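Everything on this sheet refers to the single structure shown next.
Any read-out appearing in this document is the output of simple, stated calculations on the displayed coordinates, not a laboratory observation. All values reported here derive from a predicted model rather than from experimental measurement. All Cβ positions, glycine included, derive from the backbone under ideal geometry; neighbour counts span all protein chains shown.
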């Protein structure tokens, strides 16, 4: 087996997987401004810390959602309960998020589905055709990028992204 070395300091901005294939990627600057209908933060690959990061971005008093629907799904019941005790789930509730049962949820499309034809930013691991919803166009990105996108209703510019993550409490 060969080792793969990557210089992560060379990555100057978020990278997203493009609809609808996890191997097709682009830097945020190439897709900034594209409208997004729904955001999904969660699945088994998310962590409690990812959800905390998103909650901090959404907790600002001036925070408003620019999307039709925000989905939240903790990876495990233990993480969900921890986030409830910490007050993070209350932040999502104030934002009108739909909180799903911990586990796969939209990632597998087995508990719920996005609207037909929706453009989605998801923190899950796969974005194959029709997996999250019929004719959905799904970008994959980080929880912080998802939270910023949920506020704006579109993929942010790199400057907007950096500003909004630096302003989070």
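Numbers below:
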read-out	value
Descending semi-axes in Å of region 42-154, equivalent ellipsoid built from Cα gyration tensor	21, 17, 11
Order of 129, 37, 7, 116 under a 10 Å beta carbon neighbour criterion, fewest first	7, 116, 129, 37
Simple spin-label estimate for residue 98 and residue 1 in nanometres, 7 Å along Cα-Cβ	3.9 nm
Per-peptide average of other Cβ atoms within 10 Å, ordering 66-79, 135-148 highest first	135-148, 66-79
Gaussian network model of the chain, Cα within-10 Å springs - most flexible of 23, 81, 62	62
Proxy reagent accessibility, fewest Cβ within 10 Å first, across 40, 92, 128	128, 92, 40
Cα-based radius of gyration of region 6-49 once divided by 2.2 N^0.38 Å, which approximates compact folds	1.37
Cβ-Cβ FRET estimate between residue 158 and residue 113, R0 fixed at 45 Å, reported to 0.05	0.90
Label-point separation, residue 47 to residue 31 (7 Å along Cα→Cβ), nm	2.3 nm
